[in-house]
Amino acid sequence: MRFLTNLTLWKKITLLTTVGLLLGLGVFSSLGLRAVDRATEAMLNERLTTAGLVADYLDEALERALVELRRAASTIAIDGAGEDLASQLAALEQVYSRLSIYTHGIYLANEDGQVIWSLPEEPKPAALDMRTLSVIGDGAGEVETGVSGLATAPLSDTPVIFLASATGGGEEKGIVAVAIDLGRSGMGGFIKPIRLGQTGYVEIVDQNGLVVARTEPGPEPAPFEESDHGGRFAALIAEGKPTRGVCHTWPESDQKVHRKDVLAFVPLSSANWGVVVRQSEGEALAPTRELRMRLLIFGAVLVSIAVLFVVVTTRDVGGRIRMLTAASQRMAGGDLTSPFAPLGKDEVGVLSQSLDDMRVKLKTSHDELEQKTHELSSLLSVSEILTSTLSLPGLFDAIVAKAVEIISGADGGMLVLQRVGSDTLIVQCAVGLESFGLDKKSLSSQVVRSVGELSPESVPEGEGEAPKDTVQEAVTALLEADPLRSVARSSISAEVFHGSRHIGSIVLISSRDNNVFSGSDRRLLQAIADGIALAVERYQLAKEAEEARALHEADRLRAQLISSVSHELRTPLTLIKGYSTSLLRKDVSWDLETQGEFLQIIDEKTDELRDLIDKILLSAKLEAGALKLEKEPLLVPRLAQKVVDEISSRWQKHRFTIEFPPTFPVVEADVRCVEQVLRNLVENAVKYSPAGGKVSVEGEVKDDQLVVSVRDEGVGIPPEHREKVFDRFYRVRDQLTRRSPGSGLGLSIVRGHVEAHGGRVWLDSTAGKGTTFHFSLPLNGAQDSE
């Protein structure tokens, strides 16, 4: 379709008409060619029928010959060869003669294929081996009755075919074979009269692709000549499949120029032969090709006449359309002043008048469009400022400056807004008024004085905002007061709303001429004022959202703290309460051992409470940055051994290993903090490892950093929890952690202590195989916490 739109009307009409004619001609030709194809198909079927008739005749003749041979062979005994045999075979020869079959010789062979008798008698008949015939095979027992392909007669070069049958008389079996000269027999003579034009002929081929017989005007076959498609014919004979089609052939052996033949092939059922009927394609298809050529010539003449008619009928319309096209191109190029020429009262003339009317309206619309484009461009530049990251005062300054720049005739401008939390109006920014000796401070005093002169009843009580009339009157009073009254010869303003509240106005002034501002300038300034309102609303929403997020986070942390602490406090307090109440009961007398056990449990749970409170206080101190480090030389391996010894005495089912290099360096660190880090990490490893699991503490030095690792064989930490496990009160929720008590403060304290020394803490974990926590301490001395 794009190609058609680029063409002239004359070319388009010519092309479309021609295409329509070609399509019609194509349909007509398609129907004609379809009829031609059907005629060709009928001709091929006729050739196939001819080949089938020849094949049927040959099958019938060979079947009769084989029946007579089988009848004669059934009475012959190989061990009784003599005068009776000669008379029997002579009778067979006479029967074949009556059937127009010329026998070249009759042979009797034993089971091994050796000829023992022949008619006429051949010298040394025992030297002949009948097994060389493809129809006989390696032994006489393999043949009942059959027809061979083209072969050489014994003791001569005469091409013959053999009909063979097994003998039926006597105990010893043998073979009776008759050599037939097909060319001199009636079977070969049957196909001789067949004529297929000047180039058609019939050919009989055997299973080896050799030509058994051929009619005229085909070339006389040489002895044992292979057909030009012998291999293909042999395959079709083996498949027993008739076929027809077009093939290439060479009429004479010395010719190198080939031709195409129409060919039909039918295999015989009584012998491994096939009948081929062939004729040159040029002769066979001459009538259909002539019809096809006439159709093409007729179509070409028809198209030429139609194109000539189209050229004559479209010349006038095409010329006037070209005039309209030239005028339209001038209009498209921007020429909206040149009128269209009158071109009559027909459709083309009406189109010319319509285009001229459109030109007039386009000129009017073009002027309006230029103004709209200027407004949109200006609003786009203002939008870029509104979407910038400037602070709110800077945003106001940039917007007012842009308004003065894009609205022609404006010498300066100012933005008057209500002060937050007050009913006072102030000048937020002033642009271009410095040359008149005006600034924000002096203008703001004028606005405040104007508002103050209004009646107090104009401000609604409790609302904390000036109503619309108050703001508008204040702006009007400001423009009419000195010194603006002597400067501003013309001015425009636009109201700024926040929701339904009138919170201020943007004002532009001109000192050059009266009525310098147009209605378009007023619309543009109002759009800028709406943008300012959006900026104010966005600022307030962002502020409220930030406050809401802070409150939400504080509530979440408070709830988390209360939940975790209450859970951790409840268990030891319950036990303390229970055992102390039991000890204080006067109706029960406890022995000293039981009292000691109860007091031991109360003492342990009291230590847990003290430990939890210490952790909470320490976590709060770390969060506030109030931790003071007391550094001293520290041997980490010795401290690790101490921590492991203490923990292993309480967790005797676990296995503990400590691996540090012999030359592990001394580090400057707070001993209490590092001990707390090691204790928390080892206790975590024990707590979340199965009974009998291995806990390893290892150390190494990497890049001026002392790195200590605590490895366990627990369940591991899922990837989605690895960044959060160091947060305060955070615990991974699974079946193992539900059974293991904890406050969720241990790892946050570890991170706080390590980071206070200038190091870092991280972990590696594999699901089902365990977790390794690493922390590093600088060897060159970390900066002290303040």
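The values are calculated or read from the model by the stated rules, or taken from the named source; none is laboratory data. Please read all numbers here as calculations on a predicted model, not as lab measurements. A quick note on method: Cβ atoms are made from the backbone with ideal geometry, for glycine too, and the neighbour counts reach across all protein chains shown. Just the protein is used for accessible areas: all its heavy atoms, side chains included, with ligands, DNA and RNA removed. Shrake-Rupley method; radii C 1.70, N 1.55, O 1.52, S 1.80 Å.
Here are some notes:
- Summary of the geometry: the stretch 469-503 and the stretch 633-688, compared by the centres of their Cα atoms, lie 76 Å apart.
- Highest average packing first - 677-684, 342-349, Cβ atoms within 10 Å: 677-684, 342-349
- Centroid-to-centroid separation of the stretch 340-354 and the stretch 9-55 [C-alpha atoms, Å]: 47
- Using the 1.4 Å probe convention, the accessible area of the stretch 625-698 works out to 51 Å² per residue with neighbouring protein chains retained.
- Note on Asp157 and Val246: the model spin-label points, each 7 Å out from Cα along the C-beta direction, lie 4.0 nm apart.
- Extension gain for the segment Arg34 to Leu291, taken as residue separation times 0.36 nm less the Cα-Cα distance, is 91.4 nm to one decimal.
- Net charge, Thr17 excluded, C-beta distance under 15 Å - Lys, Arg +1, Asp, Glu -1: +3
- Where labels lie 7 Å past Cα in the beta-carbon direction, separation of Asp357 and Ala222 in nm: 9.2
- Local electrostatic count, Ser689, Cβ distance below 12 Å [Lys/Arg +1, Asp/Glu -1]: +3
- Paramagnetic reach from Ser377 (point 7 Å along Cα→Cβ, amide N under 20 Å) across the stretch 505-548: 517-528
- For Arg523 and Asp84, the difference between the fully extended length at 0.36 nm per residue and the C-alpha to C-alpha distance is 144.5 nm.
- Between amide H atoms placed 1.01 Å from N, distances below 5 Å from Glu659 occur with Val697, Glu698, Gly699, all of them 5 or more places distant or on a separate chain.
- Efficiency of FRET from Cβ geometry, Val350 and Leu390, R₀ 60 Å, rounded to 0.05: 0.55
- Amide H within-cut-off set for Arg501, under 5 Å, with H built and near neighbours excluded: none
- Other-chain or far-sequence residues with amide H under 5 Å of Ser74's (modelled H): Gly168
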